[in-house]
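A short worksheet on the structure shown next.
The values are calculated or read from the model by the stated rules, or taken from the named source; none is laboratory data. Note that this is a predicted model, so its numbers are computed, not measured. Counting neighbours? That spans all protein chains shown, and the Cβs are built from the backbone with ideal geometry, glycine included. To get the accessible areas, we keep the full protein, side chains included, count just its heavy atoms, and leave off ligands, DNA and RNA. Shrake-Rupley method; radii C 1.70, N 1.55, O 1.52, S 1.80 Å.
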Amino acid sequence: MTIYFYWGEDDFAIEKAVAILRDRILDPLWTSFNYTGFLPDQSDAAIAALNQVMTPPFGAGGRLVWLMNTTVCQQCPENLLAELTRTLPVIPDNSYLLLTTRNKPDERLKSTKLIKKYAAEFREFPLIPPWKTELLIQAVNQAAQIVGVKLTAKSAEVLAEAVGNDTRLLYNEMEKLRLYAEGSHQPVDVDTVTLLVRNTTQNSLQLAAAMRTGDTVKALTVLADLVNAAEPELRIIATLVGQFRTWLWVKLMLESGERNPQAIAQAAEVGNPKRIYFLQQEVQSLSLQQLISCLPLLLELEFIFKKGSGDVSVLQTKVIEISQVCRRN
């Protein structure tokens, strides 16, 4: 099977996967003849890509046809579906069709089912939620292994906090650390990471922490830093919703009498049960009702921004409201 479908919000991870696929398929001397990309704004891009992939490659190596930012798994006209049905089963073994999109495929569509049936790889590249620190640290360690950088456990944690779920930034900073540590057999320590790695000094989790403690001034300061660093508002809100939902679940389980860290972790969707101890400390000063009151405010904020009617002042207002809710005794 010579069909690949990559989708998800992690553009950089998709770019890396595409580069690996391209290097594997194409002969460098014949790339200009055998590599074609079709942009979504091209007329009948999907039909043209299907026609192109049926053309045998020239010279050595294979042919790669890349249909970029395609909507074929969100909407598919009958004529395109007919062309997919006719072409996908008979693509030559040395020709490869790559389809990429940020949007989640609609599993109900015949086109999606057809592509999944014939795809050698149907793969999602999601962004790790910023509040899932265990997964972020795991991603840092994986990147370190790929790039060839030795990290201590603490330096991996600091690096994860600095870059968040920005995969492109992670690899850029990892390459910087590799060059700095070249020739050394010692792991890169925390001081080196702090010195070299670009950090906005504040992140959305720190914003959530300031709101939780009712520190309105600090919360607004962190928010201003995030906005100045061009952090997308919806990403900030998504982090806040996730973090407050986690705190709510932990508090709810504790109030119900549950003390087993594994059970609490499972309910709160926390990957590492050892983190439950720290989450318990974080919610100790808050009542269950306070946390319950915060979530509707956050969901309302998310709705406003997804509707396209939000701005920084709306975000600031909600941050103040939630900070005040958490400060009440």
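Tabulated data for the structure shown
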{"quantity": "Asp11/Phe278 FRET efficiency (R0 25 Å; Cβ-Cβ; nearest 0.05)", "calculated": "0.20"}
{"quantity": "Hydrodynamic radius by Kirkwood, which averages 1/r over all alpha carbon pairs of the range 1-85, in angstrom", "calculated": "13.9"}
{"quantity": "Global form of the range 175-329, assessed from the alpha-carbon gyration tensor, a/c cut-off 1.5", "calculated": "oblate"}
{"quantity": "Within straight-line cross-link reach of Lys307, aspartates and glutamates at Cα separation under 16 Å, skipping those fewer than 8 residues along the same chain", "calculated": "Glu233"}
{"quantity": "Which labelled figure in (1) -0.30, -0.64, -0.99; (2) -0.20, -0.47, -0.84; (3) -0.18, -0.42, -0.75 is log10 I(q)/I(0) by the Debye sum over Cα atoms at q = 0.06, 0.09, 0.12 Å⁻¹, once derived from the coordinates", "calculated": "(1)"}
{"quantity": "Amide H contacts of Val188 (H built 1.01 Å from N, under 5 Å, at least 5 apart or other chain)", "calculated": "Lys150, Leu151, Thr152"}
{"quantity": "Fraction in percent of alpha-carbon pairs per bin - 5 Å, the range 146-261", "calculated": "2, 10, 17, 17, 14, 14, 12, 8, 4, 1, 0"}
{"quantity": "Aspartates and glutamates whose Cα lies under 15 Å from that of Lys154, excluding same-chain neighbours fewer than 8 positions away", "calculated": "Glu134, Asp189, Asp191"}
{"quantity": "Protection-proxy order for peptides 164-175, 241-252, 293-304, each taking the mean of Cβ atoms within 10 Å per residue, highest first", "calculated": "241-252, 164-175, 293-304"}
{"quantity": "Solvent-accessible area per residue for the range 160-311 (1.4 angstrom probe, square angstrom)", "calculated": "53"}
{"quantity": "Of Lys110/Lys132; Lys218/Lys274; Lys104/Lys218; Lys132/Lys251, those spanning more than 25 Å from alpha-carbon to alpha-carbon", "calculated": "Lys110/Lys132; Lys218/Lys274; Lys104/Lys218"}
{"quantity": "Inter-site label distance for Gln262 and Thr31 at 7 Å from Cα along Cβ, in nm", "calculated": "5.1"}
{"quantity": "Accessible surface of the range 89-236 [probe 1.4 Å, protein heavy atoms]: carbon and sulfur percent", "calculated": "51"}
{"quantity": "Solvent-accessible area, 1.4 Å probe, carbon plus sulfur percent, for the range 260-329", "calculated": "51"}
{"quantity": "Potential extension, Gln52-Leu299 segment - 0.36 nm per residue separation minus Cα distance", "calculated": "84.3 nm"}
{"quantity": "On Cα atoms only, tilt of 167-180 relative to the major axis of the chain in degrees", "calculated": "90"}
